[in-house]
Amino acid sequence: MLALLKLLEDGQFHSGEELGARLGISRAAVWKQLRALEVELSVPLHSVKGKGYRLAEPIRLLDSAVLNAPGLEPAWGAHVLATVDSTNAEAQRLLVGGATGAFYVVSEQQTSGRGRRGREWVSPFGLNLYYSLVVPVGGGVRQLEGLSLVVALALLRVVKALGVEAAGLKWPNDILVNNKKLSGILLELSGDPADLCHVVIGIGLNVNMLMADDAITQPWTSLRQELGRVIDRNELVLSINEHLAHYLDVQMQHGFSVLRSEWELNHLWQGQQVAITAGAEPIVGRVLGVDDAGAVRLAVDGVERSFSGGELSLRLRNDS
Ligand code: BTN
């Protein structure tokens, strides 16, 4: 099916006969695959009598040759998949299977994309970025302090460089544009935290998605919605790699403390009244910033308190 999609990638009309000849299959088999593209992967097609078939929406597939081209910096190995349950899960399986060095997994689609706090990450085919980078953690788990905030900062730089000026951070690691979610990050540890272990840095970034089913329960946006143009996901991955390599290097060398003020400057909810859901009852306070370990600092009834986990929500003036 992917080979057929590759032929359609040029956006031009192709007859069933031509597609069959190029793939070495019958016209009936071509038709079956075209149906499967529409039904299983939700790839919309146009068909015109006498002309053939073309993609209703442009798709540029992730390309292993581009992502593994010689001379790239950083030289991280890319595992490029058509479909997978979760790129984070696949990265962990590769580690268990003995994969070494820094590598990442990207997929056109996830069938069980994992979000924070046990939520699902909706992952339709060919539209967005589902990316998991594996990084060895040599210096103990303290090295991980603030890491997810640093990843969000690196990603924010990529998004702003593309022209999404209104994008900013929401603690701990969401990227929002006008209160709509553009990207989420899920860090998972693999191995023994007391010994040599790896961190899997999972990034979900809405890229070319214009519509989604009701499974997304919060307001969302995509780069295409914000910029009004289709984004090349291969170029995007390479840019993410460059920015991540830089910020992870700073983090490994100096810790989160040197990036703290840059992070706070980009925090959309700095100084705002929020509620944090960490335990049974939400706690209301004003955001003061973050500490050197990446915990959020709130002024709660005049007293400063830090929270290292939980979910922030904005409190409007008339919220009780
Ligand atoms: C969040 O809930 O905000 C975090 C979402 C993280 C989603 C990404 S998509 C790539 C990687 N694989 C997963 O299963 N989850 C992360």
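The values are calculated or read from the model by the stated rules, or taken from the named source; none is laboratory data. Computed from a predicted structure; not experimentally measured. A quick note on method: Cβ atoms are made from the backbone with ideal geometry, for glycine too, and the neighbour counts reach across all protein chains shown. Side chains are part of the model used for accessible areas, which takes the heavy atoms of the whole protein and leaves out ligands, DNA and RNA. Shrake-Rupley method; radii C 1.70, N 1.55, O 1.52, S 1.80 Å.
Of the accessible area of the stretch 165-320, computed with a 1.4 Å probe over protein heavy atoms only, carbon and sulfur atoms account for 47 percent. Give the shape of the stretch 228-272 as rounded, prolate or oblate, defined through the alpha-carbon gyration tensor: a ≥ b ≥ c are the square roots of its eigenvalues, a/c under 1.5 means rounded, and otherwise the shape is prolate if a/b is larger than b/c and oblate if not. Taking the square roots of the gyration eigenvalues as a ≥ b ≥ c, the stretch 228-272 is oblate. Rounded to the nearest whole angstrom, the semi-axes of the ellipsoid equivalent to the chain, taken from the Cα gyration tensor as √(5λ), stand at 39, 23, 17, largest first. For the chain, the longest principal axis of the C-alpha atoms and the axis of helix 87-96 are separated by about 80°. Counted over the stretch 177-238 with a bin width of 10 Å, the fraction of Cα pairs per bin, in whole percents, is 18, 39, 25, 15, 3.
For L288, the accessible area of its heavy atoms, probed at 1.4 Å with every protein chain present, is near 50 square angstrom. Put simply, the C-alpha atoms of the stretch 230-314 give a gyration tensor, and the ellipsoid matching it has half-axes of 30, 17, 11 Å, longest first. Fraction of C-alpha pairs exceeding 21 angstrom in the stretch 150-288: 50 percent, rounded to a whole number.
Taking the Cα centre of the chain as reference, the dipole from Cβ charges on Lys and Arg (+1) and Asp and Glu (-1) amounts to some 760 debye. The distance from the alpha carbon centre of the stretch 237-302 to that of the stretch 47-110 is 30 Å, rounded to a whole number. Counting only lysines at least 8 places from K32 when in the same chain, those with an alpha carbon closer than 27 Å to its own are K6, K49, K51. Here the stretch 1-147 has an Rg and Dmax of 18.8, 64 Å, counting Cα atoms alone. The P(r) of the stretch 104-188 has a tail past 16 Å containing 59 percent of all C-alpha pairs. Counting 0.36 nm for each residue step from L61 to A161 and taking away their Cα separation leaves a gain of 33.8 nm. Seen from P193, the other residues with C-beta closer than 14 Å to its C-beta sum to a net charge of -3, counting Lys and Arg as +1 and Asp and Glu as -1. Given L156, G191, A91, which one lies farthest toward the positive end of the charge dipole of the chain, if we put +1 on the Cβ of every Lys and Arg and -1 on the Cβ of every Asp and Glu? Result: L156. Ordered from highest to lowest accessible area with the whole protein assembly present and a 1.4 Å probe, D85, D249 read as D249, D85.
What do you get for the angle between helix 233-254 and the principal long axis of the chain? Use alpha-carbon atoms, 0 to 90 degrees, nearest ten. Once rounded, the angle reads 20 degrees. What is the angle, in °, between the Cα long axis of helix 27-40 and the longest principal axis of the Cα atoms in the chain? Nearest 10 is fine, range 0 to 90. Computed tilt is about 20 degrees.
In what sequence, highest mean first, do 213-219, 177-183, 9-15 appear when ranked by Cβ atoms within 10 angstrom?
Ranked by mean Cβ neighbours within 10 Å, highest first: 177-183, 9-15, 213-219.
Heavy-atom surface analysis with a 1.4 Å probe gives the stretch 106-162 a carbon and sulfur content of 50 percent of its accessible area.
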